[in-house]
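Notes follow once the structure below has been shown.
The values are calculated or read from the model by the stated rules, or taken from the named source; none is laboratory data. All values derive from a computational prediction rather than experimental measurement. FYI the Cβ positions are ideal-geometry reconstructions off the backbone, even for glycines, and counts take in every protein chain you see.
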């Protein structure tokens, strides 16, 4: 279990604690994991199809916080359709697809790959970001 909570994962988690929500966001969504009770509230600011900023409020475990920290770090300056691609790649990679095209930072979650019941914790913020975009459309 100590390997699961390595420093890079904990660093992503710390990034979300006390994060101020975006006041001038264009998209938002909340997603919960009924299995464990984790909840992520995502706010995105999108301009001309590009993510300008992202914030997350989390009620959940350190892995849920870390997934949200990763998302808020890598989402800005990406095209909004990339959020769904990143989510899909992360889900596939966690499930064992070594050829999934993940962002380098996602590799920090390698210790989670063998613990299937924790995958949703890591991907919940990505799910919320995709939901935010689809709810707006």
Scan 73, 79 and give me the residue that is in contact with a strand residue (DSSP E or B) (Cβ under 9 Å, 6 or more places away or on another chain) and exposed (fewer than 13 other Cβ atoms within 10 Å of the Cβ).
79
Residue 34 is checked against (1) free of Cβ contacts under 8 Å to residues at least 40 places away in the same chain; (2) closer than 20 Å to residue 115 by Cα; (3) crowded, with 22+ Cβ neighbours inside 10 Å and fails just one. What number does that condition carry?
(3)
Check on residue 28, touching a helix residue (DSSP H, G or I) at 6+ places or on another chain (Cβ under 6 Å) and surrounded by 18 or more Cβ atoms within 10 Å (Cβ to Cβ):
yes
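Residues are listed down the side, and each one gets a yes or a no for (1) modelled with pLDDT of 95 or more; (2) within 25 Å of residue 20 (Cβ to Cβ); (3) touching a helix residue (DSSP H, G or I) at 6+ places or on another chain (Cβ under 6 Å):
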residue: 37; (1), (2), (3): no, yes, no
residue: 46; (1), (2), (3): yes, yes, yes
residue: 83; (1), (2), (3): yes, yes, yes
residue: 95; (1), (2), (3): yes, no, no
residue: 119; (1), (2), (3): yes, no, yes
residue: 123; (1), (2), (3): yes, yes, yes
residue: 135; (1), (2), (3): no, yes, no
Taking the condition farther than 15 Å from residue 8 by Cβ and in contact (Cβ under 8 Å) with a residue 40 or more places away in the chain, does residue 116 pass?
no
Would you list the helices (runs of 4 or more DSSP H) that sit entirely within the range 1-117 and hold 2 or more residues that are closer than 21 Å to residue 134 by Cα and within 13 Å of the chain's Cα centre (by Cα)?
62-74, 80-94
For residue 45: the one exception among (1) within 22 Å of residue 109 (Cβ to Cβ); (2) in contact (Cβ under 8 Å) with a residue 12 or more places away in the chain
(1)
If you go through 104, 127, the only one that is closer than 18 Å to residue 31 by Cα and either surrounded by fewer than 18 Cβ atoms within 10 Å (Cβ to Cβ) or at pLDDT 95 or above (or both) is 127
